Structures are given as C-alpha cells and as structure tokens.
Amino acid sequence: MSNPDLTSRPQWQALRKHFAEISQHHLRELFAADPTRGERFTVEACGLYLEYSKQRINAETLELLRDLAECTGVAQRIQAMFRGDHINTTENRAVLHIALRAPASEKILLDGRDVVADVHAVLERMAEFCEQVRSGAWLGHSGKHIRNIVSIGIGGSDLGPVMAYEALRHYSRRDMTFRFVSNVDGTDFMEATHDLDAAETLFIICSKTFTTLETLTNAHAARTWLLKTGATEQAIARHFVAVSTNAEEVRKFGIDTAHMFGFWDWVGGRYSMDSAIGLSTMLAIGPDQFRQMLAGFHAMDEHFRTAPAERNLPMLMALLAIWNNNFLDSATVAVLPYEQYLKRFPAYLQQLTMESNGKHVTLDGKPVDYATAPVYWGEPGTNGQHSFFQLIHQGTRIVPCDFIGFGQPLNPLGEQHDLLMANLIAQGEALAFGKTADEVRAEGTDEALVPHRTFEGNRPSNTILAAKLTPHSLGSLVALYEHSVFVQGVIWNIDSFDQWGVELGKQLAQKTVAELCQKTSPDLSHDSSTNALIRRYRRLRDGEPSGAGA
Ligand code: G6Q
C-alpha cells in the first residue's frame, strides 16, 4: 500500500493548523471550558478504562486524527492483518498473532490451512506437558520432581515470558522456582542456576530460529551444567524442551522433537508471549489461567476489529500517540504502572514499540520526513516519583505518560493500595494543571523561590484503570498496546513487523568474536576506534600491561 506523502496530505496539514490553534490553550482552560471533559474523554473496553481528558486535545483534534487514520487506510489494514495478508512486506509474511488467541471454534485460513487448528493442537500439547510437570508425573533423570524451570531465550523469546511471569506471579505455583536467562554474559546463567539442583531443573530453550548466538550459547552451558552433575546424555531428554519454528536445528542440538513445541513464521518474536514461547507462563499459572490470558487478548482483538473508531481503545491510544509524537514533538513516552507486579512491563513495551516502529523508511523504501516511534521507558510507581518524575514535572521536555493502575490490590496491606492509587491520580492532576506562580506566592513562598516552585502543567497523560491484575486483564492490556503500535505503524506507513536492526547486531557480533578470540592479529580491518578497542580488550582480558600500538 503506497502512502508516500503523509505530511503533505490535507488531513496532516489540517492537524498542523489545528495544533497551532489549540496549543495556545492550557489544559486548565480546556477543562474550564468543558466541565464534562473528564467523563467525555474516556472509553472502556474489555475491562480496561482509558481516561484521556488530560491529553492536549479537544473533540476537533480527535475528529482530525480519525480523518488521518481513515485516509491512511487503517481500517483496511486492520482487515488485512486479520485476514492473514502478507502485511510484513519486507519479510513477505503474514502477521497473525491474533490467531494465537482465537477460540478453537474460529477458522483463519492461511494458504488454505486453518492456522487456528494448528494453534490449538500446540496448546493441547503444552497443557498436557504442563500438567505432567505440575503434577509431578514428569520426573527428572534421577526420579526427582521438577521444581525449577529455567527459560533460556532473548529478545522476543524472553521479554514476554519474563514480563508475564512477573505480572502473574501472584497466580503462579509458589512451590516452584522460575528463572529466565537471556544475556550471553555468563553471569546471567550462573546466577540463575547457582542454587538449583540440576536433577530438579527443566530448561526451556526458546528460540524462533534456534540459531541465536546468545540462546544457543546459554543452552550449551545448561547442557554442560547438567552433565557435570553426573547426568548422562540420556538425561537430556528429561531436562530440556524446546520452543521453536526450526525442528531441524532443535534436533541438531540434541533435543528430541517430541519435546519441541512449535510456532510459526507469522508470529513475530515480540508478539509471541501467547504462543508456545509462553510455556514458562503456562507452567507457572497452569493451562486454565493461561487460557484466561488468551481470552483477554482475544477480547481486545475483537474489540479492535469491530468497534467504531471513536470508541476503539487501541485506535484512540494510537491516535493520541501520533498527536503527541508528531504534533507536540514529544520524543519519549513514560509508561508508569502503579502495580509492582508490572515491573517488567515497561521493558516489554520498549521492545514492542521501539522494535516495531523504530523505522526510517516507508513500506516502499522512501525515507520518512516525520518522526516515527518515540523512546518508551518507565518504572513502577511510586518509585519513579522519587527519581525521574522531576524531569517530567519541571524539565524542558514534554514527556507524555501512561499511568496504569488497578482498583483491587492483589496483596492488601492496610491502606497501602489507596496510598498507591492516590499517588497515581495526584501525579496526573499535577502534570496537567501544575501550580501557577500566584498559587506559589499565596503559600507565602519567598519571591526568589517562586520560579523554582512553579509548575507550568499542561503535560499530557493517559490513565488506564482495570479492576484487578489477572491473566485476563493482562492479556487485554498487552493486546491494547500491540494494536496501538500497529495503527501507529500504518499511519507512518512503515513495516512494524520486521527488525533489520536486530539482524544487523546478530551478524556483527559473529565477525568480531572471531577476532577477539585470536590472541594477536596484525590485520584488523575495522576503523581505528574499533581496532583499538579490540586490542585493548585483548590485553585487559589477558592481564597484559596496557600501552600504545598493537
Ligand atoms: C523480536 C525480534 C528479536 C528476537 C530475538 C530472539 O521480534 O525478532 O527480539 O525475538 O532476537 O530470536 P530467536 O527467537 O530466533 O532466538
């Protein structure tokens, strides 16, 4: 689909003009002009309530943004994704993570094959395996129960499982230990395993390609670790399972493909936490609750597919994100879950948003002349308030915030949940309304301090509330962001589903690692900086005195 001139479209120009007008008005004025604003600018779906009245918009902004979505073909692209068209054009693949959570009664045909049936066949196998491990029927090589699960993967094959495990820890088997190893830094593996009994440990090797250096290296380390405890080669089968699309490489590694759980090339790594990549999640919370999570995803998928633009949660989130990114020129977004269990959610979203939409050319390869994905970052509240919130309140940059909170705590402790949520609500209020110099003076502040204690406000935020963090609400929340990312990518006319930047990293390291391993190499052919770093590293590693030259 060609959409080369986004910024010269009349709809974009209209938004520019509108921005020039509305940016003259402080959020204080927008609220004063419309007392119902706090209720009007809200939308609710799948148990998630989005309050966006503290965005620097009015009804006209939303209309103009919807016009932009319409003229860039968002509705058609949504249908194309659900239909299984090859919308990941640079890899010539369908993008069907929505099939991972479709109920068994649905059919989605891809090249004449019903992928939903395939998904459910794997889900059944996963459930059966999880029941065996959780019930103690699956024994380690010496007859011990499996009590430790170590998931090895990286990027999309790690961030989702870690985030989901942490998010749903409350629902997980507390008598089992779950660890995640991703980094090729040996510390990650050593720290994850140092206190585990190998005879009670099951490794899940998660890799879509089964060729990723970090994952394969850690998988080999795991095998050596097990064998060192006296286990035989036959023991591998009881302690290793694989999640991959590449049966051949799994077999080469030595894992019986009977213990491999598959997925498909139409599932992107960062969209795979609800595929077999989520095996650790299912082991932790059990098949039934895993299915509830899938139902939460599916509810949002259906909402996204069918709700009109004005009430479509992912669509609205996306349009607000475009507004903040391209018209308010905000280069970053802070994601602030006021829920300790969501502590890895910002890291997960970083990959989802930045790997998907951190692109500089359009689908037809032309350089964009507008900003694409902003930088996503964040920490759970209230911790962030005591560190970087200073910049959000009084810095020179506008940082739109997504506040995420829940009505009911999973661990009630006195009034602590009210305290937590009071902070969430108060932060959004302070960011929007600030504190004027006159208000500061009225507090009797020394005149010299007035500028320091003044808050200009007018800083935009979304607030997302749900009743409770559950597998279902987590699924809906993740799907909300997935689809919002997709809509933004459609408007920017980029491929949200490839990741050539990641591929580059995978290749570069291969070349350099060979050079690091040779002790001396007179013919390093990089730039002078890279050559010098390689030489310095070798000396440091080998404990040699430093000095100039090779
Ligand atoms: C995700 C990316 C990337 C990928 C990892 C791991 O969308 O493609 O993060 O998930 O590089 O790849 P494998 O699963 O193939 O090991």
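No lab work stands behind these numbers, since they all come straight from the coordinates. Everything numeric here is computed off the predicted structure, so don't read it as measured data. FYI the Cβ positions are ideal-geometry reconstructions off the backbone, even for glycines, and counts take in every protein chain you see.
Quick notes on this one:
- MRE, 222 nm, helices only [DSSP H, n ≥ 4, -39500 (n - 2.57), over the chain, to nearest 500]: -13500 deg cm²/dmol
- Here is what passes the span test in the chain: the DSSP H helices with alpha carbon length of 20 Å or more along the helix axis and a Kyte-Doolittle mean of 0.0 or above are 115-135, 416-433, 471-492, 500-517.
- For segment 98-218: relative contact order, % (alpha-carbon pairs under 8 angstrom, 6 or more apart): 26 percent
- Computed on the chain, the Cα convex hull volume stands at 198 Å³ per residue.
- For the chain, averaging the sequence separation of C-alpha pairs within contact (under 8 Å, six or more residues apart) and dividing by the residue count gives a relative contact order of 19 percent.
- The mean sequence separation of alpha-carbon pairs under 8 Å and at least six residues apart, normalised by the residue count of segment 372-501, gives a relative contact order of 30 percent.
- Calculated from backbone phi, Karplus (6.51, -1.76, 1.60) coupling profile of segment 443-455 in Hz, x at Gly/Pro: 7, x, 6, 3, 4, 5, 8, 4, x, 5, 9, 8, 10
- Euclidean distance between Cα centres, segment 443-511 to segment 191-209, Å: 32 Å
- Chain lengthening between residue 361 and residue 59 when straightened (0.36 nm per residue, less Cα-Cα): 105.6 nm
- Take each peptide in 448-456, 138-146, count the other Cβ atoms within 10 Å of every residue, and average; sorted highest first, the result is 138-146, 448-456.
- Here the convex hull built on the C-alpha positions of segment 252-352 has a volume of 175 cubic angstrom per residue.
- A full extension of the chain between residue 426 and residue 42 corresponds to an added length of 136.4 nm, given 0.36 nm per residue minus the alpha carbon distance.
- Multiplying the residue separation of residue 89 and residue 251 by 0.36 nm and subtracting their alpha-carbon distance yields 55.3 nm.
- Packing rank of 96-103, 179-186, where each peptide gets the mean count of other beta carbons within 10 Å, highest leading: 96-103, 179-186
- Rg/Rh (Cα only; Kirkwood hydrodynamic radius) as it applies to segment 155-227: 0.95
- Amide H contacts under 5 Å for residue 88: 93, 95, restricted to partners 5 or more places along the chain or on a different chain, H placed in the peptide plane at 1.01 Å from N.
- Distance between the 7 Å Cα→Cβ label points at residue 127 and residue 410: 2.3 nm.
- Label zone at residue 306, where the point sits 7 Å out along the Cα-to-Cβ direction: segment 77-110 residues whose backbone N lies under 20 Å: 77-84, 97-109
- Ordering of 200-212, 23-35, 267-279 by burial proxy (mean other Cβ atoms within 10 Å per residue, highest first): 267-279, 200-212, 23-35
- The distance between label points at residue 513 and residue 217 comes to 0.5 nm (points 7 Å beyond Cα on the Cα→Cβ vector).
- Taking amide H positions as modeled 1.01 Å from N, with prolines and chain starts lacking one, the residues under 5 Å from residue 177 and 5 or more places away or on another chain are 148, 149.
- Once backbone amide H atoms are built at 1.01 Å from N, residue 110 has 115 as its partners under 5 Å, excluding neighbours fewer than 5 places away on the same chain.
- Gyration tensor (alpha-carbon) shape descriptor, segment 55-173, a/c threshold 1.5: prolate
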